[in-house]
Amino acid sequence: MKKLRVVLLIATLVVAGSASAQTPKIGYIRIDDMVSFMPEVEKIDSLLKIYQSDSLAEEYKSLVDLYQFKDSTYRDTIRTKPAVRKQLEEELPSLLYQLQNWQAISQQKIENKQGELLQPVYKKVYDAIKVVAKEKGYTHVYNKDVFLVAPEGDDLLAAVAAKLKVKLPPMNTGTGAGLKAGN
């Protein structure tokens with residue numbers, strides 16, 4: 001019984017040792033670059049422009065109109081009852097804040113909408129990266145933008161673009177020597 005335990009322990013160590021002795025195969029990709037080459041991005045850019053011109057512009061106009069109406073009602077001391085004036089006094093600062101900070105508010109709304117629209121594209125790219133990594137035997141795939149110094153590895157942009165059937169511009173074929181340590 002004791003010999004069996006020793007044999008199992010040695011067998012486990014041999015298997016674990018051989019698995020950990022496998023040399024890692026490292027690849028890199030700039031995920032945002034790959035997403036920017038996706039054909040869906042052009043349509044998303046158009047949708048964002050429409051969202052900005054139709055929805056956000058209309059929302060801003062409504063906000064200005066509402067502020068002007070409530071402000072004029074508040075200033076009309078003769079016809080406006082004290083209870084209504086008190087309520088308007090509480091509402092006007094919030095509306096004024098939104099108007100004064102509309103640029104930041106609208107930018108945040110655009111970024112949220114962009115994230116919502118791009119989420120399926122990012123998923124598609126991530127899925128393709130996983131498939132390419134598995135097919136080509138990569139043990140690690142990193143986003144190039146994360147590292148200042150990294151071990152040598154292959155640029156997977158061309159392989160992922162091929163998997164997604166996306167044509168890359170001539171200068172970004174991803175066939176270079178890859179990311180070198182210190183670059």
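Read-outs throughout are calculated quantities, based only on the coordinates presented, and are distinct from any laboratory measurement. Keep in mind that what you see is a predicted model, and the values were worked out from it rather than measured. For neighbour counting, all protein chains shown are included, and Cβ atoms are generated from backbone atoms with ideal geometry for every residue, glycine included.
Observations
- 29 Å Cα-Cα reach of residue 134 towards lysines, excluding residues that sit fewer than 8 places from it in its own chain: 25, 123, 124, 144, 163, 165, 167, 180
- Simple spin-label estimate for residue 92 and residue 163 in nanometres, 7 Å along Cα-Cβ: 6.0
- Percent RCO, i.e. relative contact order, over the range 44-118, from Cα pairs under 8 Å lying at least 6 residues apart: 46
- Amide hydrogen neighbours beyond the local backbone of residue 27, cut-off 5 Å, H modeled: 140, 141, 142, 154
- Over all other residues within a Cβ to Cβ distance under 9 Å of residue 145, the charged ones net out to +1, with Lys and Arg as +1 and Asp and Glu as -1.
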